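**Student:** The structure under discussion is supplied below as structure tokens; questions concerning it will follow.
The values are calculated or read from the model by the stated rules, or taken from the named source; none is laboratory data. Computed from a predicted structure; not experimentally measured. Cβ placement follows ideal geometry from the backbone for every residue including glycine, while neighbour counts extend to all protein chains displayed.
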Amino acid sequence: MGYVPNTPEAVVAFLATASIGATWASCASDFGARAVIDRFAQIEPVVLFVAGGYAYGAKNTGHIVNRLQAALWREAYHLVDIGAVSVADLDLAIANGPGLRWALAGPFATQHLSGGGQGIGHILEHLGPPMVQWWDDLGHPQLSDELIAKIVAGVDAELADRDETDLLRRRDAALVELLHLKDRADVD
């Protein structure tokens, strides 16, 4: 199955799939989440080809998500680099804090909902100025050999007693369940 736009790479994936007698199906990267979930549920793919993004006119899909991840990683790496937090504690904070909320209602809708009955306008009026100060204080880490070693050691310590294959299987199963739950709850 491909979650890809109509590009030469998608054709290559299709031909490779056909060459081994497997079934090919795809949906474009600009499909909404619900349409993709419905398509995956019908097909139950064994292998998934995914495009990192593509430009269509002025719309740049995929790249936006990569930029947002990079912004989070930059600050996460900085905080680990200066010793403000361990790799394990940062993973725990994101997975059980904004990561949970954002998985159900994205960053803007989550921020709006946190404004009580007054919404995002209220939040931006009252918390906007401190947020700008936080932006000014964000780190600019250099991905040095030392920082890479610190991050690798932190992840190794965090996962030392866990079977990574089992963790990956359980994580992926939980993601599928979360997608089904979002669909049943009509939460995008």
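**Student:** Any residue that is surrounded by 14 or more Cβ atoms within 10 Å (Cβ to Cβ), in contact with a helix residue (DSSP H, G or I) (Cβ under 9 Å, 6 or more places away or on another chain) and closer than 23 Å to ALA174 by Cα - is there at least one of those in region 124-147?
**Tutor:** No, that holds for no residue.
**Student:** Any chance you could count how many residues in region 81-121 are more than 20 Å from the chain's Cα centre (by Cα) and surrounded by 15 or more Cβ atoms within 10 Å (Cβ to Cβ)? Before the answer, list the steps.
**Tutor:** The first filter runs over region 81-121 and keeps only residues more than 20 Å from the chain's Cα centre (by Cα), leaving 81-86, 112-121.
Okay, now just the ones that are also surrounded by 15 or more Cβ atoms within 10 Å (Cβ to Cβ), so 81, 85-86, 112, 115, 120.
Number satisfying all stated conditions: 6.
**Student:** For residues that are at pLDDT 75 or above and basic (Lys, Arg), tally how many sit in region 40-70.
**Tutor:** Qualifying residue count, region 40-70: 1.
**Student:** Of LEU90, LEU104, which residue is in a helix (DSSP H, G or I) and at pLDDT below 90? So that I can check it myself, show each step before the final result.
**Tutor:** Values: LEU90 fails: at pLDDT below 90.
After applying the criteria, what remains is LEU104.
**Student:** Across region 1-28, which residue is surrounded by the fewest Cβ atoms within 10 Å (Cβ to Cβ) among those that are polar (S, T, N, Q) and farther than 13 Å from LEU48 by Cα?
**Tutor:** Applying the filter and picking the extreme gives SER19.
**Student:** Select from region 3-24 the residues that are at pLDDT 80 or above and touching a helix residue (DSSP H, G or I) at 6+ places or on another chain (Cβ under 6 Å) and list them in ascending order.
**Tutor:** Result: TRP24, single match.
**Student:** Could you list, in sequence order, all residues of region 113-132 that are part of a helix (DSSP H, G or I) and touching a Leu at 6+ places or on another chain (Cβ under 9 Å)?
**Tutor:** Quick first cut of region 113-132, residues part of a helix (DSSP H, G or I) only: 113, 116-132.
Of everything in region 113-132, those that are part of a helix (DSSP H, G or I) and touching a Leu at 6+ places or on another chain (Cβ under 9 Å) turn out to be GLY119, ILE120, MET131.
**Student:** Give LEU113, LEU90 a once-over and let me know the one that is within 30 Å of ARG34 (Cβ to Cβ) and either hydrophobic (A, V, I, L, M, F, W, C) or in contact with an Asp or Glu (Cβ under 8 Å, 6 or more places away or on another chain) (or both).
**Tutor:** On the way: LEU90 fails: within 30 Å of ARG34 (Cβ to Cβ).
From the options LEU113, LEU90, the qualifying one is LEU113.
**Student:** Being in a helix (DSSP H, G or I), in contact with a Gly (Cβ under 8 Å, 6 or more places away or on another chain), of a type in the set (A, V, I, L, M, F, W, C) and more than 30 Å from ASP183 (Cα to Cα): is that true of ALA153 here? Quick ask: steps written out before the conclusion?
**Tutor:** Values: in a helix (DSSP H, G or I): yes; in contact with a Gly (Cβ under 8 Å, 6 or more places away or on another chain): no; of a type in the set (A, V, I, L, M, F, W, C): yes; more than 30 Å from ASP183 (Cα to Cα): yes.
Taking the combined requirement at face value, the residue does not satisfy it.
**Student:** Can you tell me which of ARG162, ARG169, ARG184 is at pLDDT below 90, more than 21 Å from TRP102 (Cβ to Cβ) and of a type outside the set (A, V, I, L, M, F, W, C)?
**Tutor:** Numbers: ARG162 fails: at pLDDT below 90; ARG184 fails: more than 21 Å from TRP102 (Cβ to Cβ).
It is ARG169.
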